[in-house]
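> Mind looking over this structure? Questions follow.
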Amino acid sequence: MSDIIHLLPDSVANQIAAGEVIQRPASVLKELVENSIDAGATSIQIVIKDAGRTLIQVIDNGKGMSETDARMAFERHATSKIENADDLFSIRTMGFRGEALASIAAVAQVELRTRRQEDELGVNVEIAGTRVFKQEMVQCDLGTSFQVKNLFFNVPARRRFLKSDNVEKSHILNEFYRIALVNSTVAFSFFDGEEEIFQLPASNNKIRIENIFGKNAKKRWQQQLLTIETSTNLVTINGYVGKPEFAQKSASQYFFVNGRYMRHPYFHKAVLLAYNQMIQVSESPNYFIYLEVDPQTIDINIHPTKTEIKFENEQTIWSILSAAVKEALGKFNIVPSIEFDQEGAVDMPTGMVIENVRPPQTNFNPNYNPFGTSSYKRPVLDWEDLYGGFEKKEEQIPTSIDWELNKNISLTPSFTNQEQQQVIDNLETRAENYQYKNRYILTGIKSGLMMIDQQRAHTRILYDLFLNQIENSRSLSQQILFPEIVELSADDSLFFEQILPDLEHIGFEFEILENHTYSVKGISAHVGTGSVIDLLLEMLDKAKTTAQDPTASIHETIALSLAEASSLKSGQRLSPEEMSDLIDRLFACVNPNFTPDGKKIMTIFTQEELVKRF
Ligand code: ADP
Ligand code: MG
C-alpha cells in the first residue's frame, strides 16, 4: 500500500486556520480596526453593508505599508510587531500573531490600498481565497484602506452558520465599542450602508463613553459617571463607575488593560463588592475601568479570540481596584433625601382643648426601646402607661409623651372612654403610619406615600448595628440567667469557633464545653426574646452558605446572617411608636433603600401616581 499522508494545499490549510480567527463579520472588523490602531491612525472610517456579509471596509490615516509589506502582510505568521519569543512578554500592540490578514484573505475577497508618507505612489493588492489577483502601484491617500467583500464566499457552511443581520450587527458593534472606548484620542466614523451610526471626534475616555452610550440619553450618562483614579507601583487604575441608581439589568461593563479590552470575572467581583448593598441583586452597575500595568506582568491570551488576561499580581490588584471603586462611591452621597411630611398631619380636634390645663411634665424614659435594640434613642410614647394611666387614675398625666411634637394636644383628666380612644386614634394619625397586613408600614412623605417592608427595614438596622459592633467592639450584652446549651455538628462547630470572637463583639458570651457543645451565657441586647438556640442555629446556617463565597467578608456575613435571623418578621403587629421608631432608625442608616443583600426596603407611590388613580 502506498503512503497516504500528504500536505494540504495552502488554500485549504489557511481556510482551516482562518476558522480560529475569523468566525463572523465582527471578527474581521476587530482585526482590521486593531491593525489601524497599531499603525498609529488618528482617524478611522468604517463602512459595513448587510451586517458585514457583503462589505466591511476600514480606512485609516496610519503609517501605511511599502509595496513588499503590502504583499507580505497576507502571509501567515507575517507580522511587523514582534520578532522573537521574548517580545511576547512585552506586547504593546493589539496584534502580534500575524494571522489575521492571512485568515481574512483565505475566506473573503480582499482589496487593499495603502501608501506611506515617503512614497509617491501607493500599492493596490487584490486577493481572494488566498490567491493574489492583482498587485499594482496606484494613486491613493496616505494610510491604508481594506475592503473585505463577501465573507465566507468559499465556505458555504460558515456562511450558513451566520446569524440574523441584527445579531451579526450587534456583534460588530460590541467589537467596535471595545476598541473605540479605549482609543478615545482616535476619531471614528461608522456607516451602516448609507446610514451614519457614529461620528466620534477625538476626545477623552469620558466623552467617548458619553458619545457612544449616551447617543439618545446623553444627560443620563453625564450624570452618572463617577471618576476612579489610583496609582501604585503595580497598577494605575483610571476610569468611571456608574452611580448605583443607574444600575441596570444589562449594564455596560468594560475592563481594559494597556489599551486592550479584557474580560476578567475576578476583577468584576471586586467592582461588584464595592457596590455591595447599594444596588439590587438583579441589577448591575455600569463601569469602564482602564488598567495600566507593566506588560511583563500580564499574560495576554495566545488564543486569537479569547479576551481573558492573566495578571501576575491579581490579588493585590483586586484589592486596589475594589478600594478605588469604593472610594469613588463614598465620595458621592448615595442616600436620597426623603423629606417627611409634617403638613399632611391631621390636626387635633379643637373641641378637645380645654382651658386651664396643667402644663404637663415632660418625663420620658430614654431607655425605653420597643425592640430592645439600638443605641438610637428617641422620646417615645409609652403606650401602656398612657392608656393604663387613664384607667387607673384619672388625674395622672401620662409620662413619656413627646410633648414638643404635640403642642396642640392638651389632655385633661376628665375624658370619657370614648374620648380617650379618640385621642389615641388621633395620635396614631398624627404619626401618619399605618401597618398593612402586618407586613408593611405606610407613611406619608412630601412626595407621596412610602411603603416600607418592616422585616427588611429591621434587617438593615440590625445589620448596620452588628457590623459596627464587630468592627468597633462595642456591644451590649444581656446575661442569661440559666445558660442554654447548644450542640453543633463537627463541621458547624469548626465554623462557629472561627466566628466566635466576632459574636462576642456583638455581645454574645459562650463557654466552650466538650464535644462541640457550648453554653450560651449572654446574648446581644438587640436580638429580642425568642429562642437563643434557634437563633444561633439559623444564623449559623445562613452564615455558612454565604461564607462559601470567597469574596464575602466574614464580618459582613456574620452581621447579615444574625440580622436576618433576629429581625422582626412580617406578620408581626407593630404599635404606632414601634413603627415610627423603626422608620427613624431606618433613616439613620447610611443606606435605607436596600437590605445588605440588595433587596428593596421601600417603595414610594408618588403624589402624581396617586392622584391619577382618582
Ligand atoms: P498582526 O497584526 O498580528 O501583526 P495581521 O495579519 O493583522 O497581523 O497584519 C500583518 C501585518 O500587516 C501587520 O504586522 C502590519 O505590519 C501590517 N498591517 C496590517 N494592517 C495594517 C494597516 N492598517 N496599516 C499598516 N500596516 C498594516
Ligand atoms: Mg492584526
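> Answer with yes or no whether Gly98 is touching a His at 6+ places or on another chain (Cβ under 7 Å) and within 16 Å of ligand 2 (Cβ to nearest atom).
Numbers: touching a His at 6+ places or on another chain (Cβ under 7 Å): yes; within 16 Å of ligand 2 (Cβ to nearest atom): yes.
So Gly98 passes the test.
> Can we say Phe152 is in contact with a Lys or Arg (Cβ under 8 Å, 6 or more places away or on another chain), assigned to a loop (DSSP other than H, G, I, E, B) and either away from ligand 2 (no atom under 16 Å from the Cβ) or modelled with pLDDT of 95 or more (or both)?
Against the criterion (in contact with a Lys or Arg (Cβ under 8 Å, 6 or more places away or on another chain), assigned to a loop (DSSP other than H, G, I, E, B) and either away from ligand 2 (no atom under 16 Å from the Cβ) or modelled with pLDDT of 95 or more (or both)), Phe152 qualifies.
> Still on this structure: What pairs come up if the first residue lies in the range 249-272 and is under 17 Å from Glu312 (Cα atoms), the second is charged (D, E, K, R), and their beta carbons are under 8 Å apart, counting only those six or more places apart or on different chains?
Correct list of pairs: Phe255/Arg263; Val257/Glu292; Asn258/Arg92; Asn258/Glu292; Met262/Glu308; Arg263/Glu308; His264/Glu308; Tyr266/Glu314.
> Right, another one. Could you tell me whether the range 439-455 includes any residue that is modelled with pLDDT of 85 or more and part of a loop (DSSP other than H, G, I, E, B)?
Yes, the range 439-455 has at least one match.
> Looking at the range 535-551, can you tell me whether even one residue there is part of a helix (DSSP H, G or I) and touching a Pro at 6+ places or on another chain (Cβ under 7 Å)?
Among the residues of the range 535-551, not one is part of a helix (DSSP H, G or I) and touching a Pro at 6+ places or on another chain (Cβ under 7 Å), which makes the answer no.
> Let me ask another. Restricting to the range 106-115, what's the tally of residues that are β-branched (Val, Ile, Thr) and surrounded by fewer than 19 Cβ atoms within 10 Å (Cβ to Cβ)?
Count: 0.
> Looking only at the range 60-70, filter to residues that are surrounded by fewer than 23 Cβ atoms within 10 Å (Cβ to Cβ) and within 16 Å of ligand 2 (Cβ to nearest atom); which one of those is farthest from His171 (Cα to Cα)?
Looking at residues that are surrounded by fewer than 23 Cβ atoms within 10 Å (Cβ to Cβ) and within 16 Å of ligand 2 (Cβ to nearest atom), I get Asp69.
> Inspect all residues belonging to the range 598-607 and state whether any of them is in a helix (DSSP H, G or I) and either out of contact with any Leu (no Cβ under 6 Å at 6 or more places or on another chain) or over 21 Å from Ile533 (Cα atoms) (or both).
Yes.
> Could you grab me the full set of residues in the range 457-473 that are closer than 13 Å to Glu564 by Cβ and either basic (Lys, Arg) or free of Cβ contacts under 8 Å to residues at least 12 places away in the same chain (or both)?
Arg460
> Scan the range 1-41 residue by residue and report those that are assigned to a loop (DSSP other than H, G, I, E, B) and exposed (fewer than 15 other Cβ atoms within 10 Å of the Cβ).
Met1, Ser2, Asp3, Ile4, Ile5, His6, Leu7, Leu8, Pro9, Gly40
Conditions tested, residue by residue: (1) of a type in the set (Val, Ile, Thr); (2) surrounded by 17 or more Cβ atoms within 10 Å (Cβ to Cβ).
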site: Ser489; (1), (2): no, no
site: Val520; (1), (2): yes, yes
site: Ser531; (1), (2): no, no
site: Ala543; (1), (2): no, yes
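> Restricting attention to the range 80-105, report how many residues are surrounded by fewer than 14 Cβ atoms within 10 Å (Cβ to Cβ), charged (D, E, K, R) and in contact (Cβ under 8 Å) with a residue 12 or more places away in the chain.
Result for the range 80-105: 1.
> Follow-up. Can you work out which of the residues in the range 183-231 that are among the β-branched types (Val, Ile, Thr) and free of Cβ contacts under 8 Å to residues at least 40 places away in the same chain is nearest to Asn61 (Cα to Cα)?
Out of the qualifying residues, it is Ile197.
> Could you go through the range 128-149 and let me know if any residue there is in a helix (DSSP H, G or I) and more than 16 Å from Lys63 (Cβ to Cβ).
Taking every residue of the range 128-149 in turn, none turns out to be in a helix (DSSP H, G or I) and more than 16 Å from Lys63 (Cβ to Cβ).
Let's see how each residue does on (1) of a type in the set (A, V, I, L, M, F, W, C); (2) more than 11 Å from ligand 1 (Cβ to nearest atom):
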| position | (1), (2) |
| --- | --- |
| Gly95 | no, no |
| Arg131 | no, yes |
| Val138 | yes, yes |
| Pro156 | no, yes |
| Arg159 | no, yes |
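> OK, next. As an exercise: evaluate Ile56 against (1) more than 14 Å from ligand 2 (Cβ to nearest atom); (2) in a helix (DSSP H, G or I) and give the number of the one condition it does not meet.
Failing condition for Ile56: (2).
> Being in contact with a strand residue (DSSP E or B) (Cβ under 7 Å, 6 or more places away or on another chain) and either modelled with pLDDT under 85 or of a type outside the set (A, V, I, L, M) (or both) narrows it down to one residue among His526, His516, His458, His505; which is it? Break it down into steps so the answer makes sense when it comes.
Details: His526 fails: in contact with a strand residue (DSSP E or B) (Cβ under 7 Å, 6 or more places away or on another chain); His458 fails: in contact with a strand residue (DSSP E or B) (Cβ under 7 Å, 6 or more places away or on another chain); His505 fails: in contact with a strand residue (DSSP E or B) (Cβ under 7 Å, 6 or more places away or on another chain).
From the options His526, His516, His458, His505, the qualifying one is His516.
> Suppose we keep only residues that are over 19 Å from Thr42 (Cβ atoms) and at pLDDT 95 or above within the range 116-131. Which one would you say is surrounded by the fewest Cβ atoms within 10 Å (Cβ to Cβ)?
Going through the qualifying residues, I end up with Glu120.
> Also, quick follow-up: From Ile46, Ile22, Ile91, which residue is at pLDDT 95 or above and either acidic (Asp, Glu) or within 16 Å of ligand 2 (Cβ to nearest atom) (or both)?
Testing whether each residue is at pLDDT 95 or above and either acidic (Asp, Glu) or within 16 Å of ligand 2 (Cβ to nearest atom) (or both) leaves just Ile46.
> Here's something else I'd like to know. Please return the ranges of strands (runs of 3 or more DSSP E) entirely within the range 179-286 where 1 or more residues are loosely packed, with under 14 Cβ neighbours inside 10 Å.
Result: 195-200, 225-231.
> A further question follows. Among all residue pairs at least 6 apart or on different chains, which show Cβ distances below 8 Å where the first residue, located in the range 286-312, is within 12 Å of Leu88 (Cα to Cα) and the second is part of a helix (DSSP H, G or I) and hydroxyl-bearing (Ser, Thr, Tyr)?
Listed pairs, sorted by first residue: Pro295/Ser90; Gln296/Ser90.
> A further question follows. Taking the condition of being at pLDDT 80 or above and crowded, with 19+ Cβ neighbours inside 10 Å, how many residues in the range 422-438 meet it?
The number of residues fulfilling the criteria is 1.
> Can you name the residue in the range 49-88 that is within 12 Å of ligand 1 (Cβ to nearest atom) and β-branched (Val, Ile, Thr) and is also modelled with the lowest pLDDT among such residues?
Top of the filtered list is Ile82.
> Say we look at the range 579-608 and pick out the residues that are buried (at least 20 other Cβ atoms within 10 Å of the Cβ) and touching a Phe, Trp or Tyr at 6+ places or on another chain (Cβ under 7 Å); which of these is modelled with the highest pLDDT?
Per the criteria, the residue is Ile601.
The values are calculated or read from the model by the stated rules, or taken from the named source; none is laboratory data. Here the structure is a predicted model, which is why all the values come from computation and not from measurement. As a convention, Cβ positions derive from the backbone with ideal geometry for all residues, glycine included, and neighbour counts pool all protein chains shown.
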